[in-house]
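Encoded as C-alpha cells, the structure appears first; notes follow it.
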Amino acid sequence: MPDIIDKTLMFLNMGSGRGISHTLLFVIISSLVIHLITKGNLLISFPFFIGNMIHLILDLPEIPFFFPFIPYDFIYVEDPLGGWLYSLFNDPIVLITEITGIVILIFILIHNRLYSGKKIINFLRNRAIEPK
C-alpha cells in the first residue's frame, strides 16, 4: 500500500510536501472556495488568504510559488513525513512555528466555543455561534 501512495504522490508531484498545495494558484483557488462556503464573509476568507500567503512566504525559496505559470522541477522525497518529523525535532524554528500555529488554532476554537464539527461548520457558514 505505501508503494501505491508513493507513486500517486510522485504522479501528482507532491512527494516533497511542497507541491501543488504550495503555489499561488492553489492559495487563490482555496481562498475563493472558502469565500463561497462562508457566503462571502471577508472576516473569514481574507484572514485565510493572508495566513496562506504568509505560510508560502515563510516556506520560500523551497516552493513552486508560481507553478503552473513558471515550470518547476518538483522534488520527490521518499519519506516526506519522516523529513518533516526530523525537521520538527531538530530545527528550533520549525518547532516554534508549528507550536505557535497550534496554539493560535486552539485559541480560536476556545475563544469562539467551537467544540464540535457542527459548530465549526456553522461558524464558517454564518460567522455565528449556536446558542448554548
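Looking only at residues of region 97-123 that are more than 30 Å from S87 (Cβ to Cβ) and among the hydrophobic types (A, V, I, L, M, F, W, C), we find that the one that is least open to solvent (accessible area, probe 1.4 Å) is F123.
Residue by residue through region 36-54, note down the ones that are part of a helix (DSSP H, G or I), touching a residue at least 24 places away in the same chain (Cβ under 8 Å) and under 18 Å from I121 (Cβ atoms). Reasoning before the result, please.
Initial filter on region 36-54 (part of a helix (DSSP H, G or I)): 36-37, 42-54.
Okay, now just the ones that are also touching a residue at least 24 places away in the same chain (Cβ under 8 Å), so 37, 43-44, 52-53.
Of everything in region 36-54, those that are part of a helix (DSSP H, G or I), touching a residue at least 24 places away in the same chain (Cβ under 8 Å) and under 18 Å from I121 (Cβ atoms) turn out to be I37, L43, I44.
For region 63-80, the criterion of a residue being in a helix (DSSP H, G or I) and at pLDDT below 85 is satisfied by at least one position. Answer with yes or no whether D59 is modelled with pLDDT under 55, over 30 Å from N122 (Cα atoms) and surrounded by fewer than 17 Cβ atoms within 10 Å (Cβ to Cβ). In short, no. Taking the conditions exactly as written (part of a helix (DSSP H, G or I), under 20 Å from R125 (Cα atoms), open to solvent by less than 40 Å² (accessible area, probe 1.4 Å) and at pLDDT 65 or above), does V33 satisfy them or not? When the stated conditions are applied, V33 does not pass them.
The values are calculated or read from the model by the stated rules, or taken from the named source; none is laboratory data. Every value quoted in this text rests on a predicted model; they were computed, and no experiment measured them. No Cβ is skipped: glycine too gets one built from the backbone with ideal geometry, and neighbour counts run over all protein chains shown. Ligands, DNA and RNA are stripped out before the accessible areas are found, and what is left, the full protein with its side chains, is counted by its heavy atoms. Shrake-Rupley method; radii C 1.70, N 1.55, O 1.52, S 1.80 Å.
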